[in-house]
Amino acid sequence: QVQLVESGGGLVQAGGSLNLSCVASGSLFRLNAMGWYRQAPGKQRELVAATETSSSTKYADSVKGRFTLSRVNAKNTLYLQMNNLKPDDTAVYYCQARATTLGRPDWSYWGQGTQVTVSS
């Protein structure tokens with residue numbers, strides 16, 4: 001099993017910044033990919049940012065130029081730096097990871113989510 005623990009969410013005014021963290025732990029051999037998704041009330045879960053390759057990152061159009069994905073491999077930690085936050089960014093943010101474990105060469109895992117609320 002792989003456990004993902006998110007942190008860094010909270011309440012912030014429009015124009016403010018937050019830095020989300022996701023730490024992966026458990027009986028994993030390798031993290032193959034990590035990303036962030038979000039889901040607002042009444043909306044579908046959507047991709048925010050995710051690694052595509054070792055040097056490529058995909059961002060949702062709505063966050064391009066404002067959000068930055070980064071990863072510290074030695075700590076199995078993924079960060080999402082969110083700048084110039086807008087009320088439309090309000091959602092529960094979920095960390096997602098594809099990991100290699102014993103018996104599971106490539107399996108997706110999800111964190112419990114962290115609430116981000118942006119006031120106008």
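The values are calculated or read from the model by the stated rules, or taken from the named source; none is laboratory data. Fair warning: this is a prediction, and the values are worked out from it, not measured in the lab. Note that we place each Cβ from the backbone using ideal geometry, even for glycine, and neighbour counts take in every protein chain shown. Protein only, heavy atoms only, side chains kept; ligands, DNA and RNA dropped before computing areas. Shrake-Rupley method; radii C 1.70, N 1.55, O 1.52, S 1.80 Å.
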Below 12 angstrom from the Cβ of Thr57, what's the summed charge of the other residues (Lys, Arg +1; Asp, Glu -1)?
+2
Please enumerate, by chain and number, the aspartates and glutamates with C-alpha under 19 Å from the C-alpha of Lys58, excluding those fewer than 8 residues away in the same chain.
Glu46, Asp89
Determine the share of the chain's accessible area contributed by carbon and sulfur atoms, expressed in whole percent, with a 1.4 angstrom probe.
48
For region 61-93 and region 6-43, distance of Cα centres in Å
7
Give the average over all directions of the projected area of the C-alpha convex hull of region 24-95, one decimal, in nm².
5.5
Kirkwood hydrodynamic radius over Cα pairs of the chain, then Stokes diffusion coefficient at 10 °C and 1.306 mPa s, in µm²/s:
110
Averaged per residue, what accessible surface does region 79-118 expose to a 1.4 Å probe, in Å²?
48
Put +1 on the Cβ of every Lys and Arg and -1 on every Asp and Glu Cβ in the chain; which of Thr114, Ser62, Ala50 then has its Cα farthest towards the positive end of the dipole?
Ala50
